[in-house]
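Below you'll find the structure, written out as structure tokens, and then a few comments.
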Amino acid sequence: MKAKSQTFLPKVQKSIVELGENIKLARLRRKYSAEQVAERANISRPTLLAIEKGLPSVSIGAIANVLFVLGLEKDIMEVAKDDKLGRRLQDAKLIVKERAPKRVKGNLTNNENE
């Protein structure tokens with residue numbers, strides 16, 4: 001059975017490539033070799049090179065490990081920190097449908113016991 005490949009919007013792909021380039025530049029500024037960073041991040045050298053090329057198949061855990069090795073672990077905490085659109089939607093008090101609580105099969109709730 002053929003594996004399903006994921007497609008990305010051009011802007012998303014461009015962002016991933018830019019992230020990889022930024023990680024590579026950070027590594028080079030610190031004068032670390034690819035082998036040093038890969039070893040310290042507990043990933044293979046080809047995985048590090050895939051991150052630096054901006055390949056979307058790399059796990060976010062591997063990226064987080066590389067950021068930690070480069071001393072940039074706090075950068076990942078900045079993602080979606082200032083969610084302007086989300087705050088505007090929240091401020092507009094848009095009605096969001098909430099799901100009903102899940103019922104547990106076989107167990108009676110307190111109201112049903114009375």
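It is to be established whether one or more residues within region 18-33 are open to solvent by 50 Å² or more (accessible area, probe 1.4 Å), in contact (Cβ under 8 Å) with a residue 40 or more places away in the chain, out of contact with any Asp or Glu (no Cβ under 6 Å at 6 or more places or on another chain) and of a type in the set (A, V, I, L, M).
The answer is yes, given that some residue of region 18-33 is open to solvent by 50 Å² or more (accessible area, probe 1.4 Å), in contact (Cβ under 8 Å) with a residue 40 or more places away in the chain, out of contact with any Asp or Glu (no Cβ under 6 Å at 6 or more places or on another chain) and of a type in the set (A, V, I, L, M).
Only residues that are under 30 Å from residue 38 (Cβ atoms) and open to solvent by less than 100 Å² (accessible area, probe 1.4 Å): list them for region 64-104, please. Before the answer, list the steps.
Taking region 64-104 first, the residues under 30 Å from residue 38 (Cβ atoms) are 64-81.
Of everything in region 64-104, those that are under 30 Å from residue 38 (Cβ atoms) and open to solvent by less than 100 Å² (accessible area, probe 1.4 Å) turn out to be 64, 65, 66, 67, 69, 70, 71, 72, 73, 75, 76, 80.
Kindly indicate whether any position in region 11-23 is over 22 Å from residue 78 (Cβ atoms), of a type in the set (Asp, Glu) and in a helix (DSSP H, G or I). Even if it seems obvious, please write down each step before you answer.
At the first step, the residues of region 11-23 found to be over 22 Å from residue 78 (Cβ atoms) are none.
No, region 11-23 contains no residue that is over 22 Å from residue 78 (Cβ atoms), of a type in the set (Asp, Glu) and in a helix (DSSP H, G or I).
What are the residues in region 47-63 that are of a type outside the set (A, V, I, L, M, F, W, C) and either loosely packed, with under 12 Cβ neighbours inside 10 Å or not in a helix (DSSP H, G or I) (or both), if any? So that I can check it myself, show each step before the final result.
Step one: of region 47-63, the residues of a type outside the set (A, V, I, L, M, F, W, C) are 47, 52-54, 56-57, 59, 61.
Result: 54, 56, 57, 59, 61.
The values are calculated or read from the model by the stated rules, or taken from the named source; none is laboratory data. Note that the structure is predicted; figures quoted are calculated from it, not measured. Backbone-built Cβ (ideal geometry, glycine too); neighbour counts: all protein chains shown. Areas reflect the complete protein model, heavy atoms only, side chains present, ligands, DNA and RNA absent. Shrake-Rupley method; radii C 1.70, N 1.55, O 1.52, S 1.80 Å.
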